[in-house]
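Note sheet for the following structure.
The values are calculated or read from the model by the stated rules, or taken from the named source; none is laboratory data. Nothing here was measured: the structure is a model prediction, and the numbers come from that model. Glycine also receives a Cβ, built like all others from the backbone with ideal geometry; neighbour counts cover every protein chain displayed. With ligands, DNA and RNA removed, areas are computed over all heavy atoms of the protein, side chains included. Shrake-Rupley method; radii C 1.70, N 1.55, O 1.52, S 1.80 Å.
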Amino acid sequence: EAWDCGATEVCIQGGLPRDLDGFFYRGLLRAIKRAIPAMHVHAFSPMEIDYGVLKTGMPLRDYLQMMKDEGLGSIPGTAAEILDDRIRQQLSPNKLPVARWVEIICTAHELGFPTTSTMMYGHVEEPADWVRHILLLRSIQKRTGGFTEFVPLGFIHQNTRIYKQGGARPGAMYDEHLRVHALSRVLLHGAIRNIQVSWVKLGIETSLACLEAGANDFGGTLMEENISKAAGATFGEYVAPEEFRSHIRRIGRVPAERSTVYKIRRMCERPEDDPPSVPAPLRLVRAETHAPYTEGAY
């Protein structure tokens, strides 16, 4: 149904159930590719890759090669939070140590997987931690060239345990969002070309301001999203492509449609040349049938 509505990518990230079969992720890939061979699969954060390695007992490189052979197209560089073990112990002690996150990402790059890169800010970190995190990503990129983009992710605090227990501040302020995106553009110049705004977390107006502060990518329109929503985000799941184009033109930019790996599919220089509207979003499963949110699962 998503493919018929114009979707080009399926993004899969989830929890780490104790009874998960080691080859479950491979089974997902096979099912998707059997149904729609042309659908790009952007899936499995370093946390899930590590869990698959643990469950199967395979070496990391062999596991990633198996996933590539089964059709995995790219990997989300999430679960990065702040790449500093001291902060990770406060924020998400169950997440991977920094060295393991870097090992998985670098191995993926060596095998030809493009990945995103991320940073979550607005919780227990300080601005100096932003700088160290971004410079680490820059050094990885200089070595491997595998990052397609950097995505700053503002902390959504409302439903998180660490905030409710007084262990984190209530997300970033407006000026912090602008500083993080501007800093990213400066520090990653010559390394990672694309800075993406997370409009699901920031909302459209703040995202536009961040585009003017240094970002160049709105991300994509979504047909269903659960992670930010479960954490307390209130912004919509679906924004039609024509609405994105309208917002982009409002700040004097030229919209373009891209693939997952930043190949330009079409430029939209004039409104009269825009492609036809995409049909309405999918009819979603009722919310109460979704699996409950578990903190630390993504």
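Mind grabbing the base-10 log of I(q)/I(0) for the stretch 1-98 at q = 0.11, 0.17, 0.23 Å⁻¹? Debye formula, identical points on the C-alpha positions, no solvent, two decimal places.
Scattering profile of the stretch 1-98, log10 relative to I(0): -0.37, -0.81, -1.21.
What FRET efficiency comes out for residue 21 versus residue 189 if R0 is 45 angstrom and r is the Cβ-Cβ distance? Round to the nearest 0.05.
Efficiency, rounded to the nearest 0.05: 0.55.
Using alpha-carbon pairs under 8 Å, 6+ residues apart, how would you state the relative contact order of the stretch 1-144 in percent?
About 23 percent, as a whole number.
What does the helix-only formula give at 222 nm for the chain: each DSSP H stretch with n ≥ 4 adding -39500 (n - 2.57), the total divided by the residues, and the result rounded to the nearest 500 deg cm²/dmol?
-11500 deg cm²/dmol
In 10 Å bins starting at zero, report the fraction of Cα pairs in the chain per bin as a rounded %.
Taking every Cα pair in the chain, the percentages come to 6, 27, 37, 25, 5, 0.
Considering the convex hull of the alpha carbon atoms of the stretch 65-130, report its projected area averaged over all viewing directions, in nm², one decimal.
Value for the stretch 65-130: 4.8 nm².
The stretch 83-183: Rg/Rh from Cα coordinates, Kirkwood Rh?
Numbers: Rg = 14.3 Å, Rh = 14.5 Å.
When Rh is taken as the Kirkwood radius, the ratio is 0.98.
Quick one: how many Å² of residue 155 are accessible to a 1.4 Å probe, rounded to 10?
Using a 1.4 Å probe on the heavy atoms, I get roughly 20 Å².
For the chain, set up a Gaussian network in which alpha carbons nearer than 10 Å are linked by springs, and say which option among 110, 125, 205 fluctuates the most.
Top of the fluctuation ranking is 205.
Could you check the spin-label model distance between residue 5 and residue 86? Points 7 Å from the Cα along Cα→Cβ, value in nm.
4.6 nm
Only Cα pairs under 8 Å and at least 6 apart count here; give the relative contact order of the chain as a rounded whole percent.
Numbers: 451 pairs, mean separation 46.2, N = 298.
Dividing the mean separation by the residue count of the chain yields 15 percent.
What distance in nm separates the simple spin-label points at residue 103 and residue 272, each placed 7 Å from Cα in the Cβ direction?
Between residue 103 and residue 272, the simple spin-label model gives 6.0 nm.
Ignoring ligands, DNA and RNA, how do 117, 246 rank by accessible area with a 1.4 Å probe, largest first?
So the residues, ranked largest to smallest area, are 246, 117.
Can you order the peptides 129-136, 187-194 by their average number of other Cβ atoms within 10 Å per residue, highest first? Mind showing how you got there, number by number?
Working: 129-136: 18.1, 187-194: 16.5.
The densest-packed peptide leads the list: 129-136, 187-194.
Which semi-axis lengths, in whole Å and largest first, follow from the square roots of five times the eigenvalues of the Cα gyration tensor of the stretch 125-195?
After scaling each eigenvalue by five and taking roots: 26, 13, 11 Å.
Whenever you get a sec, compute what percent of the accessible area on the chain sits on carbon and sulfur atoms (1.4 Å probe).
Numbers: 7810 of 14620 Å².
With neighbouring chains kept in place, the figure for the chain is 53 percent.
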